[in-house]
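What follows is a set of notes on a single structure, which appears directly below.
The values are calculated or read from the model by the stated rules, or taken from the named source; none is laboratory data. A quick note: this is a predicted structure, and the numbers were derived from the prediction, not measured. Glycine gets a Cβ as well: all are built from the backbone with ideal geometry, and neighbour counts include every protein chain shown. The area values use the complete protein model at the heavy-atom level, side chains included, leaving out ligands, DNA and RNA. Shrake-Rupley method; radii C 1.70, N 1.55, O 1.52, S 1.80 Å.
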Amino acid sequence: MSAGKRSAGLLLFRVTGTDGERDVEVLIGHMGGPFWAGREAAAWSVPKGEYGPDEEPAAAARREFEEELGLPVPDGVWLPLGESRQRSGKTVTVWAVEAELDVASVVPGTFTVEWPRGSGVQQEFPEMDRFAWCTPEQAAELLIVGQRVFVKRLRAQVRGEAAASPEA
């Protein structure tokens, strides 16, 4: 494993489609906290988080899903969507699981940060402040750039296209 930071996440999806063409909707979350407040485009993420050298990526993906949504990971087959290197240099590994989830049942985890910066005041914010089911086109607008590839890979797998490989 490289010395760089690593994250792992879990992308829930449900199969949709009309006229025999299969497609997907994905569950993504808007990043919480003051930095992301008021932003929509490129301010959403797959539920994910960092892990260290002593934790397996799949275990980190499960832990982070449960922390960020306050719910257990739904049962289902984990489809590997591979890795993507983010602009920050962090490598993100993602799996997809087909499942239904009512976004009204989410109880997001929180984090504490000094806000406003330099004030000495510690405030608590949700890690993700809202969740939504999105089409791939909607997700392409909302997700941070380095995570859009995961939706593309998932869509290709569901449609049985050649680009289904996590390396695509």
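For segment 142-168, which residues satisfy the criterion of being charged (D, E, K, R), at pLDDT 95 or above and over 19 Å from residue 14 (Cβ atoms)? First the steps, then the outcome.
Of the residues in segment 142-168, the ones charged (D, E, K, R) are 148, 152-153, 155, 159, 161, 167.
Still in the running and at pLDDT 95 or above: 148, 152-153, 155.
Within segment 142-168, no residue meets the criteria.
Could you check segment 120-138 and list, in sequence order, the residues that are out of contact with any Lys or Arg (no Cβ under 7 Å at 6 or more places or on another chain), within 27 Å of residue 16 (Cβ to Cβ) and not in a strand (DSSP E or B)?
Result: 135, 137, 138.
Answer with yes or no whether residue 117 is open to solvent by 80 Å² or more (accessible area, probe 1.4 Å), of a type in the set (Lys, Arg), outside any strand (DSSP E or B) and within 15 Å of residue 129 (Cβ to Cβ). Don't jump to the end; show me each part of the working.
Working: open to solvent by 80 Å² or more (accessible area, probe 1.4 Å): yes; of a type in the set (Lys, Arg): yes; outside any strand (DSSP E or B): yes; within 15 Å of residue 129 (Cβ to Cβ): no.
In short, no.
Here are some conditions: (1) under 12 Å from the mean Cα position of the chain (by Cα); (2) under 21 Å from residue 160 (Cα atoms). Residue 20 meets all but one. Which one does it not meet?
(1)
Within the group 106, 97, 15, which residue is loosely packed, with under 13 Cβ neighbours inside 10 Å and hydrophobic (A, V, I, L, M, F, W, C)?
Values: 106 fails: loosely packed, with under 13 Cβ neighbours inside 10 Å; 97 fails: loosely packed, with under 13 Cβ neighbours inside 10 Å.
Result: 15 is the single residue among 106, 97, 15 that is loosely packed, with under 13 Cβ neighbours inside 10 Å and hydrophobic (A, V, I, L, M, F, W, C).
Among the residues of segment 58-83, count how many are open to solvent by 20 Å² or more (accessible area, probe 1.4 Å) and either farther than 15 Å from residue 14 by Cβ or in contact with a helix residue (DSSP H, G or I) (Cβ under 7 Å, 6 or more places away or on another chain) (or both).
Residues of segment 58-83 that are open to solvent by 20 Å² or more (accessible area, probe 1.4 Å), as a first pass: 58-59, 62-63, 66-67, 70-72, 74-80, 83.
With either farther than 15 Å from residue 14 by Cβ or in contact with a helix residue (DSSP H, G or I) (Cβ under 7 Å, 6 or more places away or on another chain) (or both) added as a condition, the list becomes 58-59, 62-63, 66-67, 70-72, 78-80, 83.
So the answer is 13.
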